[in-house]
Amino acid sequence: MSAINATRATQGEVLLACEGVGKRFGGVRALEEVSFAIRRGEIYGLIGPNGAGKTTCFNLLTKFLPPTRGVIRYEGRDITGMKAAEVARLGLVRSFQISAVFPHLTVIENVRVALQRARGGSFDFWRSDSVLRKFDTRAEELLADVGLTEWMHLTAGELPYGRKRALEIATTLALDPVMMLLDEPTAGMAHDDVERVVALVKRVSVGRTVLLVEHNLRVVQGLCDTITVLARGSVLAEGDYAAVSRNPDVVAAYLGSEAPTEAAHG
């Protein structure tokens with residue numbers, strides 16, 4: 001955990017709050033009375049076993065789905081009824097569980113497209129090369145931040161899976177988010193790629209607020225300041241990693257009788 005982020009998490013005001021939020025799909029309850037608050041400057045983990053309701057909650061926060069009940073606030077403002085594009089313009093920028101890049105563009109072109117969008121331009125692929133290259137310096141800086149400098153001229157579709165996720169984080173950063181919302185950024189990765197992405201999230205989180213949705217307890221260990229654990233659509237526990245990993249309800253939800261830290265390495 002970043003000491004800078006930990007200090008800000010203690011002192012900072014609430015940036016994003018979920019108040020009694022529920023979601024039903026017909027007669028199926030996906031979420032019920034979910035409440036938590038994310039403070040400016042912290043890395044916040046929303047975790048739980050598969051089917052716990054994490055992605056549904058994530059989609060409610062980013063307005064890809066409307067809640068059935070409850071209120072979502074951002075900087076004290078009720079954003080419950082807003083559309084996804086509106087909250088993105090407020091500075092809540094999300095990634096997706098499945099990597100979303102333009103596979104036929106080069107790595108630097110992907111970041112350049114995001115920079116154009118952030119600065120109010122459209123995707124003007126037909127503009128002169130000299131006009132587009134005004135974004136290159138910042139694009140190169142972002143690629144250096146995520147460790148993709150040597151890959152910048154490779155077509156994005158050729159990148160290994162873990163590097164594609166790094167590229168997605170770079171394009172998210174290009175939008176200059178107030179808050180980054182990352183949906184299972186290590187899903188489907190090999191061990192080495194997981195460690196690389198965890199280190200990357202830690203590095204780029206300095207000075208930012210991050211919500212990380214994960215099912216893997218090992219990913220949030222040493223990374224998240226505060227963790228909310230979901231199970232069967234409800235909040236099961238909240239606290240730092242040490243507290244939630246010892247919580248008997250969390251242990252039961254994940255593993256039955258095994259310790260969460262043991263399974264996280266399995």
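3J(HN,Hα) couplings calculated from phi for segment 51-65 with the Karplus curve 6.51 cos²θ - 1.76 cosθ + 1.60 (θ = phi - 60°) are, in sequence order, x, 6, x, 4, 5, 4, 4, 4, 5, 5, 5, 9, 6, 7, 9 Hz; Gly and Pro show x. Residues Thr209, Thr62, ranked from the fewest to the most other C-beta atoms within 10 Å, line up as Thr62, Thr209.
Within the same chain, aspartates and glutamates fewer than 8 places from Lys63 are excluded, and of the rest, those with a Cα less than 13 Å from its Cα are Asp78, Glu86. Taking a straight line from the alpha carbon of Lys134, these lysines sit under 27 Å away, with near neighbours fewer than eight places off in the same chain left out: Lys164.
Coordinate-derived values only; no laboratory data. For clarity, every value in this text was computed on a predicted model and none was experimentally measured. Glycine gets a Cβ as well: all are built from the backbone with ideal geometry, and neighbour counts include every protein chain shown.
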